[in-house]
Amino acid sequence: MAKTRPRVARRVQTLRPSGIRRFFELVERMPEAISLGIGEPDFITPWRVREAGIYSLERGHTHYTPNRGIGPLLQEIAQYLDRRFGVSYDPDTELVVTVGGSEAIDVALRTVLEPNDGVLIPQPCFVSYVPCAVLAGGRALQVSTSVEHDFQVQVDDLAEAYDEGTRALLISYPSNPTGAVMPRAGMEALVEFAADRDMLIISDEIYAELTYDGAHCSAAATPVGRQRTILVGGFSKAWAMTGWRLGFAAGPADIIEAMVKVHSYAVMCSPTTAQEAAIEALRGCDEEIDQMRREYNQRRRVMLNRLNEMGLSCFEPKGAFYAFPSVSATGLTSEQFAERLLEEEKVAVVPGTAFGPSGEGFVRCSYATSMPLIEEAMLRMAGFVSRVGG
Ligand SMILES: Cc1ncc(COP(=O)(O)O)c(C=O)c1O
């Protein structure tokens, strides 16, 4: 009889399930818990965007679109990137509309990596980066960041992890989970580091609109950066459109054309309804985004103050919608802290280790939840910390 072979590829077997998922399963069994674990806006998509989606369906626009995306949306994205990021792209050759920022990251990695190419990935970071790099046949070279450097990756640390087979640097500012941003000087240093080694930069800037202290600086915003950066953006966060599954990638034409090929074989095109609705998101929602940003900012300040008051020292997050306090004063590991806080106080936070080994000693608290729930969660958390000894 023929020997049976493993039915699941080894590289998939070796992937660890996301630490966030495991935690959500615990939370689901506890519906009365307050969740600070979520990574999506509590706001509903602005009405005018939903209306545009409904209108698209009413008109019977239920077919495939061109692989790259519909022309008017590509035009709007190009104008938006020019206006908000200070970078201009040709909508016909330098943009592709993807199924969320998630697909843009996956396709970018699959497009540029040769087998065994290294990808420098500063961590703690969004949970999909390392698995996507591995699934694309690459080697994830994880580079730790620390609170001492405001969770901004240091060029010396990148240089230490770099080897001859390294092809790309995958960065994300503002950061999930830390809320760190990268000011212009730091970004220019990263771009120079990549350029000196002829590396590409995949820059996930999905939280760019949610920056609270100073302007967002794109990795593509300098001529050197632009020619080697795949800029990833999306509608999930600032426009509260997670369920619509829409994002985009922008970059030099040779890379984007190749990404369109991979994208077309993987998903054909992004959802038609979402694409038509997103035109309205870019044309008419500046005010709604401002309002959501103001609200997040208020919650950010409240959460930051409360965490520091209760003895969990917290680096000031300058973007996204997460605080990343240190829990080391409690003597508990990240996992122990999160599990006990959930069991004893019914408050869910995510252990920092879900985002990489250097997340140990921290937990991620999302402020994409209402102010009264944040206040209550902070009260319960303060009680817990004083009990375990903060
Ligand atoms: C840093 C970062 N990038 C990308 C994504 C994926 O977003 P989406 O695929 O919904 O656009 C997320 C979602 O949490 C994220 O935090």
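Yes/no matrix, rows are residues, columns are (1) aliphatic (A, V, I, L, M); (2) within 11 Å of the ligand (Cβ to nearest atom):
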position: Arg197; (1), (2): no, no
position: Tyr207; (1), (2): no, yes
position: Pro223; (1), (2): no, no
position: Arg228; (1), (2): no, no
position: Gly234; (1), (2): no, yes
position: Lys237; (1), (2): no, yes
position: Gly243; (1), (2): no, yes
position: Leu246; (1), (2): yes, yes
position: Leu282; (1), (2): yes, no
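Taking Pro72 and the conditions (1) away from the ligand (no atom under 16 Å from the Cβ); (2) assigned to a helix (DSSP H, G or I); (3) within 30 Å of Ala133 (Cβ to Cβ); (4) of a type outside the set (S, T, N, Q), which numbered condition does it fall short on, given that it satisfies the others? In the conditions (1) away from the ligand (no atom under 16 Å from the Cβ); (2) assigned to a helix (DSSP H, G or I); (3) within 30 Å of Ala133 (Cβ to Cβ); (4) of a type outside the set (S, T, N, Q), Pro72 misses (3) alone.
Criterion applied to Leu341, Leu307, Leu332, Leu373 was being in contact (Cβ under 8 Å) with a residue 40 or more places away in the chain, over 19 Å from the mean Cα position of the chain (by Cα) and outside any helix (DSSP H, G or I), and the one residue passing it is Leu332.
Scanning segment 247-281 for residues that are touching a His at 6+ places or on another chain (Cβ under 8 Å) and among the acidic types (Asp, Glu) yields a single hit, Glu276.
Is it true that some residue in segment 89-102 is surrounded by fewer than 17 Cβ atoms within 10 Å (Cβ to Cβ), of a type in the set (D, E, K, R) and in the same structural domain as Thr272 (by TED's automatic domain parsing)? Looking through segment 89-102, at least one residue is surrounded by fewer than 17 Cβ atoms within 10 Å (Cβ to Cβ), of a type in the set (D, E, K, R) and in the same structural domain as Thr272 (by TED's automatic domain parsing). Only a single criterion out of (1) touching a helix residue (DSSP H, G or I) at 6+ places or on another chain (Cβ under 6 Å); (2) more than 17 Å from Ala208 (Cβ to Cβ); (3) of a type outside the set (S, T, N, Q); (4) surrounded by 24 or more Cβ atoms within 10 Å (Cβ to Cβ) is not satisfied by Val155, namely (4).
Checked against (1) in contact with a Ser or Thr (Cβ under 8 Å, 6 or more places away or on another chain); (2) without any contact (Cβ under 8 Å) to a residue 40 or more places away in the chain, Pro183 passes all but a single condition, namely (1). Among the residues of segment 53-92, those identified as at positive phi and in contact (Cβ under 8 Å) with a residue 24 or more places away in the chain are Gly69, Gly86.
Considering Arg5, Arg22, Arg16, the condition of being among the basic types (Lys, Arg), in a loop (DSSP other than H, G, I, E, B), away from the ligand (no atom under 16 Å from the Cβ) and under 29 Å from Pro124 (Cα atoms) is satisfied by Arg16 alone. When you go through Val107, Val87, Val143, Val97 one by one, which is the residue that is touching a Phe, Trp or Tyr at 6+ places or on another chain (Cβ under 8 Å) and either farther than 17 Å from Pro357 by Cα or not in a helix (DSSP H, G or I) (or both)? Exactly one of Val107, Val87, Val143, Val97 is touching a Phe, Trp or Tyr at 6+ places or on another chain (Cβ under 8 Å) and either farther than 17 Å from Pro357 by Cα or not in a helix (DSSP H, G or I) (or both), namely Val97.
Looking across segment 111-138, the residues that are within 16 Å of the ligand (Cβ to nearest atom), surrounded by fewer than 20 Cβ atoms within 10 Å (Cβ to Cβ) and part of a helix (DSSP H, G or I) come down to Pro131, Leu135.
With respect to being touching a strand residue (DSSP E or B) at 6+ places or on another chain (Cβ under 9 Å), under 14 Å from Ala382 (Cβ atoms) and either modelled with pLDDT of 95 or more or buried (at least 22 other Cβ atoms within 10 Å of the Cβ) (or both), Pro351 falls outside the description.
Scanning segment 170-202 for residues that are within 10 Å of the chain's Cα centre (by Cα) and not in a loop (DSSP other than H, G, I, E, B) yields a count of 1.
When segment 222-236 is filtered for residues that are surrounded by 19 or more Cβ atoms within 10 Å (Cβ to Cβ) and either modelled with pLDDT under 95 or not in a loop (DSSP other than H, G, I, E, B) (or both), the ones remaining, listed by number, are Thr222, Gly225, Arg226, Thr229, Ile230, Leu231, Val232, Gly233, Gly234.
The values are calculated or read from the model by the stated rules, or taken from the named source; none is laboratory data. No experiment lies behind these values; they were computed from the predicted model shown. Ideal geometry is used to build each Cβ from the backbone, glycine not excepted, and the neighbour counts take in all protein chains shown.
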